[in-house]
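Student: My questions all concern the structure below.
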């Protein structure tokens, strides 16, 4: 209490002194007190706690009563930063520095006095001093900083200077109104220097050390407790302002460390952060990236606070962009002289936090092009160059966040998040559909993906064309560009839409440099760019300066390069007034002559046309030499072209090559393609599959043109089906004699292009069953058989398209696309729910998935049942069917709905062949088919021819096979006029009675009923036919009268009556009707003397039956049989061999019978 009174006296003295310089005073003598023992809160009573709280509230009311006010801020900066003073305080206080009274017991190691006259010195002491750690104990509105002292030689930890010293929170200070604790305190902030002993522990909040929670504290003894507020108050920024940029780093570090131990910033701190960013955005970004590059939780809160205002978000984005574009490190110097390099990925982490805030959408839209390019750059660089320091930094980031293993995948995720934030989801989905995101992650094909993304974003980037082109030009104009090829790919895709000669003139030097590159892709892109620029007549003169280099490219071995070069020259010649070109014209004419005989038809055509343009120019200038040299090759070319124009293959190759170098077909070419397909559909398909089996961009445009008309699409589908059904190669001969085999997958690629066009829906509906079966066939064959040549072809297709790694998955995707095109989405979803698509991809379970698909599509396939059944029968009737089991599974599912005996008669031979197959699944499917056919009475006679094979199947160990076989027999015997069945009946009856004891109850029931049907059918022919088999069935049927299953018991009773009638044993029939089982046994053993031993042998197994009623019946049967047997020993041995039974009545009965037998034998 003495310490608290002295603190109160000090406050009163400062109030009397006022804001001016205070006269020197001798320090008031303080009462000595003993240092507190460790953890005194453990012994504090509840009365002490309440008294202490009352004292604090009394002090607060007193301070308000005497009216302590805030000091008006000084405009003069402090003379120097306060340093810790380990000497005793000078009794004479300086005018601007408070001499706080110290405890006489304090030593140089425990007493420190701080000059806290301005925000700079305050934050410098709190954040930058190495010997003193900051302690954050804040009031609700006005922040109180308690500066704990430590031993001067002790090294500080992250938050606490020493394990024995803990922060002392200032409790119950929420109602204080900015009470200054020294004469020159900062307005709005109370700074208190508490002098504690090295052994002192908290006495307010931390009453129980074992309940204190810590966050990011290494030493459990120095646990800070945050019990007052969520964040410090920085209202002094509003009053004093942050006039100097040098204050920003210290303030940002202070805010970051405060938020490290709080959930979220309060309203005042939120406003202060926004104000600080508004005044010094660049320095805030630099400071935050320095102090928290891995973007921990506190930094993430600050970034989200910045992003909560569109204005502040817009101000920080340029600096983040600057950092992101410099890989891997950016030399970033903060205003306080910290020039430590910052990882570019740190800025990307910050950007990801900003993107998540919806308020920053407008700001992101302003910088969308630059952000997109910067992120694409990071994807490439983090794939191509990953120094060890970047890997180490990324591992630290992954420890704090849930991030991918590789930074390039994180950058791709950020691009997707940016697109979604800007509501450009269509672009993201389009790129995903074409597997562009995966392509971005491979450095060799990264530029292809960038070009794809640029094409997909053309519509949304319309307002930014000039801006993004300028940005890309700036990147490409660097002395050492790191991302040259992808940036060029992006730029080329936009050139069609960028207007203005100035922009074009800026692009030309870049294209010229890349035109001389050794990289083929670089030359291609440069030529594509020149092809766009050459359309502009005003650019002809400028492009003419590259004529010599373009002439050199005419000797290139790449046909695409030569074709584009010729197109550039042709566009240039539209401008007739190019004087500078006359010097290059002779060289061009010489280079053109060899191209007249080029293998590429398009190169031939362009070279001839360009030669005509050059000759006209040379004739005007009076130079005829080159013209005479060109006459002979042109003459032969004229005759050759007249011969080939009438042939479809040459025309299709010409069209394909024309489209290879143009964005899209014009109206006339579109009409010509449709006319050609209408006249020669098969030859068009064969020619196109020959010249472009991998379905490149030009071929895809032709297929889509064909599909744009339902009539032409309907004409080409039969040929595509024919190719798809012949795996892996189809021998396809074109009209010009090209008999090169074509891959079946090439037709599937063409079909996928056609399906994507909505106009072809009616044509697809006509061929839907055949297409579905052909695609299912390809799924199976591409899973089961993948020759090396097919694998090579598929790798080529993957290079041109974004396709799955395996052809079978592509075939499944095509099936789904077909179902969606035909509006059969319900079947697709049902298959997905039952994991049918995954099952299709495994050869062992493929036929199950085919059957499941057929069942799910029953309702939509109603109009196609006969058509698809006929198609499947044709496939199954081949000499060497490749897809037999799945086709049979599909057919069996449709047999219920296919009417007509003719169709059924065609199915029967196929089912008969599979009935004899060694494959269990094949036999099952054949039996399922027979089960459907056997319902038709007209098929009974035909199925009867398979009776012997069906009887053999009754001995199969598979209960399902036996049950289906019995069901087929039962259905077949519904027709009573089957004459051919009599020869098979004895064998069937012989196979049936052992099934009465089958473990499968359904098999028992079916076998008993079928035995009755056989007896009734053959009763008219006399008992001799089945006499032996019926006698053998009497004992088993008798015991199953007692079966626990009532259905089996009832069926056994009816069949036993039928057997007694069949054998003309009226005595047995009467006993059964009177329900006298004991007498039935007596009659059976009495009159059937010759079969007594056989009956007894049949009854013995029932003594061990799992059913108690059957065991009891067996014991009774033994008791009756014994009276008719000469030798009782077999019966006694059987009874004695029985195991003990839990049923007391059964055991009593057995023991009684045994006792009677023993007495009889002893007599």
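FYI, it's all coordinate maths here, none of it is from the lab. Just so it is clear, the structure is predicted and the values come from calculations on it, not from any experiment. FYI the Cβ positions are ideal-geometry reconstructions off the backbone, even for glycines, and counts take in every protein chain you see.
Student: Can you order the peptides 1031-1039, 428-436 by their average number of other Cβ atoms within 10 Å per residue, highest first?
Tutor: Highest-to-lowest ranking by the protection proxy: 1031-1039, 428-436.
Student: Within a 10 angstrom radius of the beta carbon, how do 1092, 928 rank from fewest other beta carbons to most?
Tutor: Lowest count first: 1092, 928.
Student: Using alpha-carbon pairs under 8 Å, 6+ residues apart, how would you state the relative contact order of region 548-616 in percent?
Tutor: Value for region 548-616: 35 percent.
Student: Give me the number: length gained by fully extending residue 391 to residue 482, i.e. 0.36 nm times residue separation minus the C-alpha to C-alpha distance, one decimal in nm.
Tutor: Additional length available on full extension: 30.8 nm.
Student: Å³ per residue of the Cα convex hull, for region 400-526?
Tutor: 130 Å³
Student: Please give the FRET efficiency for residue 361 paired with residue 406, using the beta carbon to beta carbon distance and R0 = 30 Å, rounded to the nearest 0.05.
Tutor: Calculated transfer efficiency: 0.60.
Student: Which residues among region 795-825 fall inside the zone where the amide N is under 14 Å from a point 7 Å beyond the Cα of residue 521, along Cα→Cβ?
Tutor: 799-801, by backbone N distance to the label point.
Student: How long is the gain from residue 916 to residue 556 if the chain were fully straight, where each residue apart is worth 0.36 nm and the alpha carbon distance is subtracted?
Tutor: That pair, residue 916 and residue 556, stretches by 123.2 nm at full extension.
Student: Report the FRET efficiency, 1/(1 + (r/R0)^6), for residue 902 and residue 945, where r is their Cβ-Cβ distance and R0 is 22 Å, rounded to 0.05.
Tutor: 0.80
Student: Indicate the gyration tensor shape class of region 715-850 (rounded, prolate or oblate), computed on the Cα atoms with a ≥ b ≥ c the square roots of the eigenvalues: a/c under 1.5 is rounded; otherwise a/b larger than b/c is prolate and the rest oblate.
Tutor: Working: a/c = 1.80, a/b = 1.23, b/c = 1.46.
Here region 715-850 falls in the oblate category.
Student: Let me ask something additional. Quick one: grab the alpha carbon gyration tensor of region 457-536, order the square roots of its eigenvalues as a ≥ b ≥ c, and give me rounded if a/c is under 1.5, else prolate or oblate depending on whether a/b is larger than b/c.
Tutor: Note, shape of region 457-536 comes out prolate.
Student: Something else: Using the number of other C-beta atoms within 10 angstrom as an exposure proxy, rank 323, 951 with the fewest first.
Tutor: Result, fewest neighbours first: 951, 323.
Student: So what is the orientation-averaged projected area of region 647-778, using the convex hull of its C-alpha atoms, in nm²?
Tutor: The number I arrive at for region 647-778 is 7.0 nm².
Student: Sorted from fewest to most neighbouring beta carbons within 10 Å, what does the list 616, 884 look like? If you can, show how the numbers build up before the last one.
Tutor: On the way: 616 12, 884 20.
If I rank by nearby Cβ atoms, fewest first, I get 616, 884.
Student: Once the Cα gyration tensor of region 982-1075 is found, what semi-axes does its equivalent ellipsoid get, as square roots of 5 times the eigenvalues, in whole Å, sorted largest first?
Tutor: 20, 17, 9
Student: Given a Förster distance of 45 Å, report the FRET efficiency between residue 789 and residue 1028 from their Cβ-Cβ distance, rounded to the nearest 0.05.
Tutor: Values: r = 64 Å, r/R0 = 1.43.
Rounded to the nearest 0.05, the efficiency is 0.10.
Student: Could you work out how far the C-alpha centroid of region 275-328 sits from that of region 368-404, in angstrom?
Tutor: A separation of 17 Å, based on Cα centres.
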